[in-house]
1. Being loosely packed, with under 13 Cβ neighbours inside 10 Å, aliphatic (A, V, I, L, M), in contact (Cβ under 8 Å) with a residue 12 or more places away in the chain and farther than 29 Å from PHE76 by Cβ, is that true of even one residue in region 172-185?
2. Since ALA32 meets every condition but one in (1) at pLDDT 65 or above; (2) in a loop (DSSP other than H, G, I, E, B); (3) buried (at least 16 other Cβ atoms within 10 Å of the Cβ), which condition does it not meet?
3. Hey, among the residues in region 129-138 that are surrounded by 12 or more Cβ atoms within 10 Å (Cβ to Cβ) and out of contact with any Asp or Glu (no Cβ under 8 Å at 6 or more places or on another chain), which one's modelled with the highest pLDDT?
4. Just for helices (runs of 4 or more DSSP H) wholly inside region 111-171: which have at least 2 residues that are more than 27 Å from TYR23 (Cα to Cα) and over 20 Å from the mean Cα position of the chain (by Cα)?
5. Checking TYR199 against (1) farther than 30 Å from ASP75 by Cα; (2) surrounded by 12 or more Cβ atoms within 10 Å (Cβ to Cβ); (3) of a type in the set (Phe, Trp, Tyr): exactly one of these is not met. Which one?
6. Could you please give the count of residues in region 183-235 that are in a strand (DSSP E or B) and either at pLDDT 85 or above or more than 28 Å from the chain's Cα centre (by Cα) (or both)?
7. What about GLY207, is it over 25 Å from LYS112 (Cβ atoms), surrounded by 11 or more Cβ atoms within 10 Å (Cβ to Cβ) and of a type in the set (Gly, Ala, Ser)?
Amino acid sequence: MKIKNRISLNRFNMQKDNTFIPYRRFDTMQIAQEFIEKLNESGIIFELDEYPKETGTLFYNLSENGIQINLCQDDFDKANSITLQDNELNGINEDYYLYDFSDEELIEVLVKPYEWGEIDRTLAPKILIQRGYNLEDLDIEQKKEDYIQALAQPQKESLLLIIVGYGFAIVGGLLGLAIGWGLDNMKTSLPNGKQVYTYTEKCRKHGMRIFKLGVIMLTFYGLLFIISLLFMYLK
């Protein structure tokens, strides 16, 4: 669910031509502070936003807000590579859950670093090296590119959603407009910060037609309503 009443708290080193994209969310500022410090140390420009957290019901609690970090697209890879220093791993022993991961699971941590915390991103390659792997031989960067390309593939069109969209558009429902707009314009954010259209070109064309049909029918029914009111008034 997109939150429209997001409130900007602060902006750091922001330039006018920067476009910020949501990167990561934290429950509190205290939890986010360590990552914010590392962004500053790395010279990464960022923006902090406040977002209402879910409360376990159908509603959002505006009094309990989390922290969202937004980055420029070009900085996503740099932020994904942020790891801890060796001395920050002190106290982590071999009962840490990552040591129970298989080799394939550890490699997946390196391929999808944005899904893991700094400790895991730092520790995974060290464990692999301890197990005798040469990281250069694992071709991690190519695996990352392959994974992102797979994520970039558009979703197949949903026949049911298209039929429902046309149906609501014909009866002049606002839901038809929403479905049409969503099919045509919805985008997916990739781990590298790029955004691609969520649906196929064929599905997007249906979305555009549904939206246009909805506008026409809504206008038509609106005119009928106005004309009926005029006739009632003139009687």
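The values are calculated or read from the model by the stated rules, or taken from the named source; none is laboratory data. These figures come from a predicted structure and were not determined experimentally. Ideal geometry is used to build each Cβ from the backbone, glycine not excepted, and the neighbour counts take in all protein chains shown.
1. Quick first cut of region 172-185, residues loosely packed, with under 13 Cβ neighbours inside 10 Å only: 174.
From what is left, the residues that are aliphatic (A, V, I, L, M) are 174.
From what's left, in contact (Cβ under 8 Å) with a residue 12 or more places away in the chain: 174.
Still in the running and farther than 29 Å from PHE76 by Cβ: 174.
There is at least one residue in region 172-185 that is loosely packed, with under 13 Cβ neighbours inside 10 Å, aliphatic (A, V, I, L, M), in contact (Cβ under 8 Å) with a residue 12 or more places away in the chain and farther than 29 Å from PHE76 by Cβ.
2. Of everything listed in (1) at pLDDT 65 or above; (2) in a loop (DSSP other than H, G, I, E, B); (3) buried (at least 16 other Cβ atoms within 10 Å of the Cβ), ALA32 misses just condition (2).
3. We begin by selecting, within region 129-138, every residue surrounded by 12 or more Cβ atoms within 10 Å (Cβ to Cβ); these are 133, 135, 138.
From the residues that got through so far, the ones that are out of contact with any Asp or Glu (no Cβ under 8 Å at 6 or more places or on another chain) too are 135, 138.
Values: LEU135: 83, LEU138: 87.
Step by step, filter region 129-138, then rank; the result is LEU138.
4. Values: elements: 118-130, 140-151, 159-170.
Passing ranges, in order: 118-130, 159-170.
5. TYR199 satisfies every listed condition except (1).
6. 6
7. Values: over 25 Å from LYS112 (Cβ atoms): yes; surrounded by 11 or more Cβ atoms within 10 Å (Cβ to Cβ): yes; of a type in the set (Gly, Ala, Ser): yes.
Considered against the rule, which asks whether it is over 25 Å from LYS112 (Cβ atoms), surrounded by 11 or more Cβ atoms within 10 Å (Cβ to Cβ) and of a type in the set (Gly, Ala, Ser), GLY207 comes out as yes.
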